[in-house]
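Have a look at the structure below before the remarks.
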Amino acid sequence: MGNDTHGHDQAFPQPQINEPAPAIVDLKNIKEGDTIHGLVLMDNYAVVPFGNAGKTKIDGTVSTNGVTRKFVVWQGLAYDRLADMQAIGRVAEITASVKTYKDEFQLSITGVTFHHVNVDPSQFQRSVDVTAVREKLSEFLKENVPERTVKLFNDIMQSERLLGSFIKWPAAVKMHDAQIGGLMHHTLKMLRIMRTMIENDPRLEESSELLYLGILFHDAGKIKEIEKGVYTQYSFVTHRIIIVDMLARHKEEIIDVHGEAFYWHLLAIMVGHHGDFEDPCRTVWTKIVHLVDMADSQTTMFMDRKELDNVTVGADGISIWDNGKKLFY
């Protein structure tokens, strides 16, 4: 075959058969000035302009063990190997130096290669105790949600062949609960918060089945929005519309159990649970689910940041930026 190569092979060279796999990079315990080398998961990235001379760079994120770090590539072979955008969601072997940019660690990648070996991307993600969380979710539903509503949820998810994925899927690519089992865990945490709200204000009891079912379904569309830690080709629709499309196929089943008004209120929760970040809440029940969603997701994000210590530690303590405002621990 000689030494002829094609552009794609040059960008993604195969390793030698006996070449040992490098270690997975420990992104949690890096510090400024480190030089790192090893395997990471390429989450997402883009070629972006900088300066005034038509120059471009690559900005993105990489992950290992559920820890995500930003990276930049300025030029050279590493830039060329990433510029065709074929590396998103792939395992990469990188060489990089660690710098601080805007109060966060950033990797300046100078070398990157891709190994066509059986490296499971899930090795680069954190994971909840899936068995334990599943048992706790089952216990919660048995104790707090009427059997007819639990059966409706299970029947729809099984019909769509999504129940198994619901148990193991992440809740996000890089935000809150971005780990194996994160979707189920986020859902359980929201259900617990909702139960407390119902206990604190019994007037919510008459709508509890709508609120609980709304929480169970609200992020289920992410199963088709996210795959192997990256967004799918149809993610532009968003998980909110994906789940509406799914529930529409089961309209009669939902109406048979709960009535037509319940069905439309359920869809309103699916569409509006992101609040002003997407479509505004148009019902009280949508707003309540949105507030519960924000309470859990934001708390989880803040504590993940604190655990990661991906923040500036100075005389004023540990701080993070949230929507342009500095928050202190």
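Cβ neighbours within 10 Å, averaged per peptide: list 185-195, 284-294 in order, most packed at the top.
185-195, 284-294
Taking only the alpha-carbon atoms of the stretch 174-272, what semi-axes of the equivalent ellipsoid follow from 5 times the gyration tensor eigenvalues under a square root, in whole Å, largest first?
25, 19, 9
Along the positive direction of the dipole of the stretch 222-311 (beta-carbon charges: Lys, Arg +1; Asp, Glu -1; about the Cα centre), which of Phe277, Ala295, Leu247 reaches farthest?
My answer, from the dipole projection, is Phe277.
For the stretch 275-283, just list the computed ³J(HN,Hα) in residue order, Karplus coefficients 6.51, -1.76 and 1.60, θ = phi - 60°, integers in Hz, with x standing in for Gly and Pro.
Along the stretch 275-283, the couplings run x, 5, 5, 9, 8, x, 5, 10, 9 Hz.
Need one number: nm distance between label points at Lys151 and Asp34, each 7 Å from Cα along Cα→Cβ, rounded to one decimal.
Here the modelled spin labels are 5.4 nm apart.
Compute the signed sum of charges (Lys and Arg +1, Asp and Glu -1) over the other residues within less than 15 Å, Cβ to Cβ, of Met270.
Summing Lys/Arg as +1 and Asp/Glu as -1 gives 0.
Work through the residues other than Val48 whose Cβ is under 14 Å from its Cβ and net out their charges, Lys, Arg +1 and Asp, Glu -1.
Result for the neighbourhood of Val48: +2.
What's the local net charge at Glu209, with K and R +1, D and E -1, over the other residues with C-beta under 13 Å away?
On the way: positive: Arg148, Lys151, Arg195; negative: Glu147, Glu205, Glu206.
Charge balance in the 13 Å sphere: 0.
Can you give the Rg and Dmax of the stretch 126-307 based on its C-alpha atoms, in angstrom?
15.2, 47
For the cross-link pairs Lys99/Lys222; Lys28/Lys168; Lys151/Lys189; Lys99/Lys168; Lys31/Lys222; Lys99/Lys306, which exceed 26 Å when the distance is taken from alpha carbon to alpha carbon?
As for pairs spanning more than 26 Å Cα to Cα, those are Lys99/Lys222; Lys99/Lys168; Lys31/Lys222.
Given H placed 1.01 Å from N in the peptide plane, which residues other than close sequence neighbours of His273 have an amide H under 5 Å from its amide H?
Under 5 Å from the amide H of His273 lies no amide H from a residue far enough along the sequence or on another chain.
How do 236-246, 256-266 rank on mean C-beta neighbours within 10 Å, highest first?
236-246, 256-266
Would you work out which of Thr238, Thr196, Val150 lies farthest towards the positive end of the dipole of the stretch 126-307? Charges go on Cβ: Lys and Arg +1, Asp and Glu -1.
Positive-most Cα among the choices belongs to Thr238.
Throughout, read-outs are computed from the coordinates displayed, never taken from laboratory work. Bear in mind that the values here come from a model prediction, so they are computed numbers and not experimental data. When we count neighbours, we look across all protein chains shown, and the Cβ atoms used for this are built from the backbone with ideal geometry, even at glycine.
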